[in-house]
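All remarks here apply to the structure that follows.
The values are calculated or read from the model by the stated rules, or taken from the named source; none is laboratory data. Small disclaimer: the values here were computed from a predicted structure and weren't measured. Cβ: placed from backbone, ideal geometry, glycine included. Neighbour counts: every protein chain shown. Keep in mind that these areas ignore ligands, DNA and RNA; they rest on the heavy atoms of the full protein, side chains included. Shrake-Rupley method; radii C 1.70, N 1.55, O 1.52, S 1.80 Å.
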Amino acid sequence: MIRILHTADVHLDSPLKSLALRDEGLQSTVHTATRTAFTRLVDFALAEDVSALLIAGDLFDGAERSAKTAAFLTGQLDRLKQAGIPVFYIKGNHDAENPLTGEVSLPENVHVFDGRGRREQLGETDVWIHGVSFSGRQAPDSLLPKFGSPEPDAVNIAMLHTSLAGSQGHDTYAPCSVAELSAMGFDYWALGHVHKRQVHSSAPWIVMPGIPQGRDIGEAGPKSATLLTIEDKTISVSEVPTSAAEFLELTVDIGSFETDDEIRGHVRRHLQEMAEGLSADAGLVRLTLSGQTGRKWQVLRDQDSWVEIIAELARGTERLWIEKVKFDLTGKAERADSKSAVGELERLMAEIRDEPAIAAEMRELLETVASEIPPARRSKLLPNAEAAENLTRSLSEAGAESILAAMKGASE
């Protein structure tokens, strides 16, 4: 039996992004989260005596130089060398722009494929590893023509950093289709680039292992590497947990509760259950309070207090921190009361929000504020006119809701 560990998109020392990182207790846990995830991979490889580690691109993150990153990496790879475990590595788009990839003297057990493509035999086994690296920061064309033919009467594993036919949120690199990969004759495609784990085929195996450590709420959920087990030239796969910190989303329905004590208790139970099921060291939670409740306006009026209360409940689990609290509440069916002061104000604010002149003034104000934001962040926040329009409306609705919450919450 031969076992091989497959990972990709390690993005060593890539920072985690979350408002929860303002908490000093959490900072110490996640500051080196990508290193911890990689260390877990090495620990598993040593403990389970795997035959090889495959890294399918983007071991590094961007063009930042870091002697500490280089020292950490060589130290971990040397642990594998001492155990006689070879590493097969192809460079992805982030590796190609990172100066460390050309300066770090990697241990001799690391086989780095170049942009021309080649194959390596795994020791004296009948397993062959084929790989093609990125030659530069981009690979707009397919890299499949650079692969040679599979070795006859052997298990053939091909390594490729690719977006396949395209994936939302990822640049298109080394494009190809699942059908094209299947037709190449390899037994297992060890892919990288897309950060969500996907098994595209089992005959042959075409596996995107996903990122081993999520970096923001857009990469929520448990992360893992993929373990190949080869017996009699038949391959099976399984997941190996890797996350040091896990981004999570949780919706708690408070519609059936009448008091603050009941709401707190309900939220506490949900958080405790989540903490008990967590495989990572820490969880960063985006929590949404939802439901139809007669306490909508009181909760919205006191939302700053609720944010602090929920954050404290999460800290009480000793494993969870709040990334963000959202409120998605609807009130119990209410009679329209346009004659009351609050009802009249609600009607007027709705009319004002729809006034073209008011909307234009708010857009102008938003543009003024946005001009103070660094260009890179501004382009992500407001990539086009539609995004600016949506943000303007969202802000005006949130402001109106805050005023109504203060008035209605005080009157109920």
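Residues in region 247-265: is at least one in contact with a Lys or Arg (Cβ under 6 Å, 6 or more places away or on another chain), open to solvent by less than 50 Å² (accessible area, probe 1.4 Å) and at negative phi?
First, the residues of region 247-265 that are in contact with a Lys or Arg (Cβ under 6 Å, 6 or more places away or on another chain): 249.
Retained after the next criterion (residues that are open to solvent by less than 50 Å² (accessible area, probe 1.4 Å)): none.
So far as region 247-265 goes, no, none of its residues is in contact with a Lys or Arg (Cβ under 6 Å, 6 or more places away or on another chain), open to solvent by less than 50 Å² (accessible area, probe 1.4 Å) and at negative phi.
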* To do: Inspect region 299-320 for any residue being in contact with an Asp or Glu (Cβ under 6 Å, 6 or more places away or on another chain), modelled with pLDDT under 95 and not β-branched (V, I, T) and give the result as yes or no.
  => no
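Got at least one residue in region 188-197 being assigned to a loop (DSSP other than H, G, I, E, B), open to solvent by 40 Å² or more (accessible area, probe 1.4 Å) and free of Cβ contacts under 8 Å to residues at least 40 places away in the same chain? Full working, then the answer.
First pass over region 188-197, keeping only residues assigned to a loop (DSSP other than H, G, I, E, B): 193-197.
Keeping just the survivors that are open to solvent by 40 Å² or more (accessible area, probe 1.4 Å) gives 196-197.
Next, from what is left, pick out any that are free of Cβ contacts under 8 Å to residues at least 40 places away in the same chain: 196.
Yes - at least one qualifying residue is present in region 188-197.
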* Name the residues in region 138-172 that are modelled with pLDDT under 90 and assigned to a strand (DSSP E or B), would you? -> S167, H170
* Among the residues of region 269-305, which ones are under 25 Å from K223 (Cα atoms), surrounded by 18 or more Cβ atoms within 10 Å (Cβ to Cβ) and among the charged types (D, E, K, R)? -> R286
* To do: Please list, ordered by first then second residue, the pairs with beta carbon atoms under 6 Å, 6 or more apart or interchain, first in region 222-244 and on the phi > 0 side of the Ramachandran plot, second modelled with pLDDT of 95 or more and of a type outside the set (S, T, Y).
  => K233/V155
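Determine whether V237 is under 20 Å from W189 (Cβ atoms) and either open to solvent by 60 Å² or more (accessible area, probe 1.4 Å) or touching a strand residue (DSSP E or B) at 6+ places or on another chain (Cβ under 7 Å) (or both). Spell out how you get there, then give the answer.
Working: under 20 Å from W189 (Cβ atoms): yes; either open to solvent by 60 Å² or more (accessible area, probe 1.4 Å) or touching a strand residue (DSSP E or B) at 6+ places or on another chain (Cβ under 7 Å) (or both): yes.
Yes.
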* **Hits in region 278-316 (condition: under 23 Å from the mean Cα position of the chain (by Cα) and either β-branched (V, I, T) or not in a strand (DSSP E or B) (or both))** => L278, S279, A280, D281, V285, T288, A311, A314, R315
* Structure fact -> Picked from region 206-223 (must be hydrophobic (A, V, I, L, M, F, W, C) and buried (at least 21 other Cβ atoms within 10 Å of the Cβ)), the residue nearest to V240 (Cα to Cα) is I211
